[in-house]
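What follows is a single structure, written as structure tokens, with notes after it.
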Amino acid sequence: MTYQNDLYVELAKIGKSLSSERRLEIMDLLVQGPKTVEKIAELTKMSVANTSRHLQVLRSGNLVERKRDGNHIYYGLASSRVVDLFYLLRDVGEDQLERISQIKEDFEKNDVYAMSLDAAYNKAKSGEIELIDVRPADEYATAHIAEAKNIPLPELKEKLDTLPVHEAEEGAMTVRQKICLSLFVFTIGFLLYGTMKLGWYIDEIAAMFLMMMIITGVVGGYGATKICKTFIKSTQSMVSSMLVVGFTRGILLTMQDAMISDTIVYYLSQLLNGHSQYFSAAGMLAIQNVINFFITGSSSQATITMPIMTPVADIVGVSRQTAVLAYHFGDGFSNMFWPTACALECGLMGVPINKWYKFMTPLFCIMMVLQVVFILISVVVYA
């Protein structure tokens, strides 16, 4: 038992040395090469006295050694095995501690991605990337990737223009990129064929985009995890819009199943029927402008109104193209006038709403006249 106790006591010294996040930070710095206590204190933003205490604890576990060079004392890791221990600790942490994985994911959300040394070396050797080592010259001299070029971080900004332009920036494409581009062109072409010849709609289009996303990701060299992460990241900004579209789709289905849409179509057609096509087209424009007061989102307005306006247009003898143009005019320009849409913009810009209306009212009246003119022209063109 004495042997085991003595062994555990000694091993505990290493555990104690590693039990502080500040000492781990110091070890991470010393992996790059020996440093003076003043330099370590500067990089870790600790006092020299506090840094010295942490170094003493690391020395007590024989993880750090010091050497004198002239008037300076340099601290470095005791051996290559200590370097291996530090990297092993990081690897075990990534595997066993969920929070570390989350920290890495949050870091990569800033468009900064971690890459292994082997991957960086292979990409630099193949000419895919220009590898820049931004550490100080002494750390670079201690050890560096063979293909890396040393430009210390303080000098990087002024030397960026001297770096060679990567071939990809000049227009050259890798084989993977060419295949992915071909898949994109194929997707658009097949999408057009499906919608025009096979009667595809939302479900089929969504399924095709999802399938081609997975295929393109595999061809591009992405694993399943990276494909999923890229998909999630690219759709984050669209979630609110997708929820709105889903909500308005629910309204549309309710209106259709309860025959509310049929009732609205009937009464609108009765209101516009019996008049000339010009009057009906102008009336559809006016209705879209009024609806935009209550439904300011373009996707929501299109989802709710177009299934109604399309049959109304057919009944009163107005072309569907004119009905679509009435929607675009009604949704687009009135957003600058209705308070349900422009109040937020005024608030963001710090413009008083009365001042906004003083400027916008004459302009909106001119735009309304022009909208009516172009709607009437549309009736003539598509008659």
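For Val312, what is the net charge nearby, where nearby means another residue's Cβ is under 12 Å from its Cβ and Lys, Arg count +1, Asp, Glu -1? It would help to have the intermediate numbers written out before the result.
Details: positive: Arg320; negative: Asp262, Asp314.
In short, -1.
Restricting the calculation to Cα atoms, region 243-381 yields a radius of gyration followed by a Dmax of 16.0, 48 Å.
For a test of the definition: using alpha carbon positions, the gyration tensor, and the 1.5 limit on a/c, classify region 175-222 as rounded, prolate or oblate. Could you put the intermediate results ahead of the total?
Numbers: a/c = 5.11, a/b = 1.89, b/c = 2.70.
Oblate.
Neighbour counts of C-beta atoms inside 10 Å place His144, His54, His72 in the sequence His72, His144, His54, starting with the fewest.
In degrees, nearest 10, range 0 to 90: what is the angle between the Cα axis of helix 277-294 and the longest Cα principal axis of the chain? In the chain, helix 277-294 runs at an angle near 40 degrees to the longest axis. For the listed residue pairs Lys13/Lys45; Lys123/Lys149; Lys125/Lys149, the alpha carbons are over 19 angstrom apart in Lys13/Lys45.
Order these by the 10 Å Cβ neighbour count, fewest first: Asp314, Asp91. Could you put the intermediate results ahead of the total?
On the way: Asp314 14, Asp91 10.
Fewest to most other Cβ atoms nearby, the residues stand as Asp91, Asp314.
If contacts are Cα pairs under 8 angstrom and at least 6 residues apart, what is the relative contact order of the chain in percent?
Once divided by the residue count of the chain, the mean separation gives 9 percent.
In the chain, a dipole from Cβ-located charges (positive for Lys and Arg, negative for Asp and Glu) runs towards its positive end, and of Pro136, Tyr327, Tyr74 it is Tyr74 whose Cα lies farthest in that direction.
Using the beta-carbon distance between Asp203 and Lys123 and R0 = 51 Å, what value does 1/(1 + (r/R0)^6) give for FRET efficiency, to the nearest 0.05? All intermediate terms of the calculation are to be shown ahead of the outcome.
Numbers: r = 40 Å, r/R0 = 0.79.
The computed FRET efficiency comes out at 0.80.
Over the chain, all Cα pairs binned in 10 Å intervals from 0 give whole-percent P(r) values of 4, 13, 17, 16, 14, 13, 11, 8, 4, 1, 0, listed from short to long. Relative to the longest principal axis of the Cα atoms of the chain, the long axis of helix 224-235 lies at roughly 50 degrees. Counted by neighbouring Cβ atoms within 10 Å, the residues Phe329, Phe184 run from fewest to most as Phe184, Phe329.
Would you kindly state how much longer the chain becomes between Thr2 and Ala341 on full extension, computed as 0.36 nm times their sequence separation minus their alpha carbon distance, in nm to one decimal?
Numbers: separation 339, 0.36 × 339 = 122.04 nm, distance 7.99 nm.
That works out to 114.1 nm of additional length.
To the nearest ten degrees, helix 21-31 and the longest principal axis of the Cα atoms of the chain are 80 degrees apart. Based on Cα contacts under 8 Å between residues 6+ apart, region 243-381 shows a relative contact order of 29 percent. Region 283-331 and region 34-89 have their alpha-carbon centroids 72 Å apart.
Under the simplified labelling scheme, the Cys228-Leu181 pair shows an inter-label distance of 3.2 nm, with each label point 7 Å from Cα along Cα→Cβ.
So how much slack lies between Ile132 and Arg59, counting 0.36 nm per residue of separation and subtracting their Cα-Cα distance, in nm? Write down the numbers at each step before the final one.
Values: separation 73, 0.36 × 73 = 26.28 nm, distance 3.28 nm.
Net length gain for the segment: 23.0 nm.
A crude spin-label estimate for the pair Leu192 and Ile377, with each label 7 Å from Cα along the Cβ direction, gives 2.7 nm. For the pair Arg22 and Glu158, a Förster radius of 22 Å applied to the C-beta separation gives a FRET efficiency near 0.10, rounded to the nearest 0.05.
Read-outs throughout are calculated quantities, based only on the coordinates presented, and are distinct from any laboratory measurement. Small disclaimer: the values here were computed from a predicted structure and weren't measured. In this analysis, Cβ positions are derived from the backbone assuming ideal geometry, glycine residues included, and neighbour counts consider all displayed protein chains.
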